[in-house]
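Notes to accompany the following structure.
No lab work stands behind these numbers, since they all come straight from the coordinates. It should be emphasised that the depicted structure is a prediction, and the values quoted were computed from it without experimental measurement. For neighbour counting, all protein chains shown are included, and Cβ atoms are generated from backbone atoms with ideal geometry for every residue, glycine included.
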Amino acid sequence: MAKTTTIFVCQECGYQTPKWMGKCPECLAWSSFAEETSSRQQSTSHKSKLNSEPSVLIPITDVQSIVENRLTTGIKEFDRVLGGGMVEGSLILIGGEPGIGKSTLTLQSMGHLARSGKTVLYVSGEESGSQIKLRAERLNALSENLLVCSEICLEDIIQWIQKIEPNVLVLDSVQTFYTTDLQSAPGSIGQVREVAFKIFQFIKQRGLPTLLIGHINKDGAIAGPKSLEHIVDTVVYFEGEQGHAYRALRATKNRFGPTPEIGVFQMESNGLMPVENPSEWFLSERPENSSGSVVAATLEGSRTLLVEVQALVSTSSSIGMPRRMATGFDHNRMSLLIAIIEKRMEFQLQGEDIFLNLAGGIKITEPALDLAIVAAIAGSFRDKVIDPLAVLIGEVGLTGEVRSVMQLDARILEAKRLGFKKCIIPYSAKKIKKLPDKGIDLLFVKSLAELFEHLFE
């Protein structure tokens, strides 16, 4: 017999309560609760199985291994982020702001798979078939094997999948679909969670690789319950400003490949084009002989990137409340580095506005940028130009010491390849035997005092 249950679910964090509340006790959001009604069939199969015996219990050494059969999307940077392509039966979540390029990249890759002979089912809850075709014509993604459908009911979508039996499935976007098991509106916490879970179970049984597109909220996370990212196999995010021509695709979770792998694309009139040498692009517009500009080497997954760190320090017009702004870097980390400079190097930055920017719109949280950020801020404050052919690599500790980072050899080789003449690195790296010793000078520093003595004295 069917039993109907009414609950109230926080649309910000997914917290559930049997009665309406003005403020969520979990995320502290106000007026975030929405009423949801579920109707489920009670059966003995849903009861606890704590007293029953497990169906299979075998040593892990006797478990049959699974061969990862991958489908290449035809877009090298996309395949790189996925770990080599789409694994059969994998559920891939692509997140990003509206208009950032999620649907464009998906349609481009699916067009390639369709032209290679694979049957692709593209289900859109946001666009009609004519709108999808218009975009496919612009992206050169037309193929008879690319089947499109405008539908938002999950049960109807599953019927189409069973009838067509496609090789690849695309659902655009998860916030637009609903299941008849819940009475709430599409996009609610309950609907997003239930739709994702049902799709996950369905495609695992059929070995159907699936792309699930999702929009992000104002905090930069996928709109919907946090459990959505736990359900899927792979989570990739689009990064970048819509005003910039370049986009970064970053994997934050991947059960079938390395994380955080990154791919770089350039937005053109005919779609997203892979950027095979991102370091050259990040440094292509670097100004000459400008204070506050420093080059750093970062590691994103298996890829080494050289990026330009820009800092601007100017006298604040606000008494007692100087502005501190960071673009592409953690604001709290920047504030920490500023405090270290003030304390250990006796810089008077209390009345200065400080702005930090990673050129190109990329976002990096790696502490290996610390040394470059400190040098950029100090260079701007003193209005001194730092050697444009030098690359700075290292983490800065609270006492002003310079700490080593992993894979220094790969970072130095990338700097050497792009024509840089000097690398300033932690003193502890002297113990590493495989560091390149030809073609580039290595300067070892123990502390910020040694760094500043070299840069400014």
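Using a 4.7 Å Cβ-Cβ cutoff, the cysteines of the chain lacking any partner cysteine are C149, C153, C423. Once C-alpha pairs closer than 8 Å and six or more residues apart are averaged by separation and normalised to the residue number of the chain, the relative contact order reads 12 percent.
Across the range 364-373, computed HN-Hα scalar couplings (Karplus, 6.51 cos²θ - 1.76 cosθ + 1.60, θ = phi - 60°) run 9, 10, 5, x, 5, 7, 3, 4, 5, 5 Hz from first to last residue, x flagging Gly and Pro. Expressed to the nearest 5 percent, the antiparallel share of DSSP beta bridges inside the range 70-276 is 40 percent. Multiplying the residue separation of M321 and V63 by 0.36 nm and subtracting their alpha-carbon distance yields 86.7 nm. Converting phi to 3J(HN,Hα) with the Karplus coefficients 6.51, -1.76 and 1.60 and the offset θ = phi - 60°, the range 172-188 yields 10, 10, 5, 6, 9, 8, 9, 10, 6, 5, 10, 8, 6, 6, x, x, 6 Hz in sequence order, with x at every glycine or proline. Note on the range 281-456: Rg/Rh from Cα positions, Kirkwood definition for Rh, rounded to two decimals, is 0.95. Rounded to the nearest whole Hz, the Karplus-based 3J(HN,Hα) values (6.51 cos²θ - 1.76 cosθ + 1.60, θ = phi - 60°) of the range 109-115 follow the sequence 5, 5, x, 5, 5, 5, 5, with x at glycine and proline. Close amide-amide hydrogen proximity is noted between E352 and S316, each under 5 Å apart and 5 or more residues distant or on a separate chain (H modeled in the peptide plane; Pro and chain starts excluded).
Please list the equivalent ellipsoid semi-axes of the chain, computed as the square roots of five times the alpha-carbon gyration tensor eigenvalues, in descending order and whole angstrom. Write down the numbers at each step before the final one.
Numbers: eigenvalues 425, 146, 103 Å².
Semi-axes (√(5λ), whole Å): 46, 27, 23.
For V309, the residues whose modelled amide H falls within less than 5 Å of its own, excluding neighbours fewer than 5 places apart on the same chain, are V294, V295, A296.
Per residue, the convex hull spanned by the Cα atoms of the range 70-276 measures out at 110 cubic angstrom.
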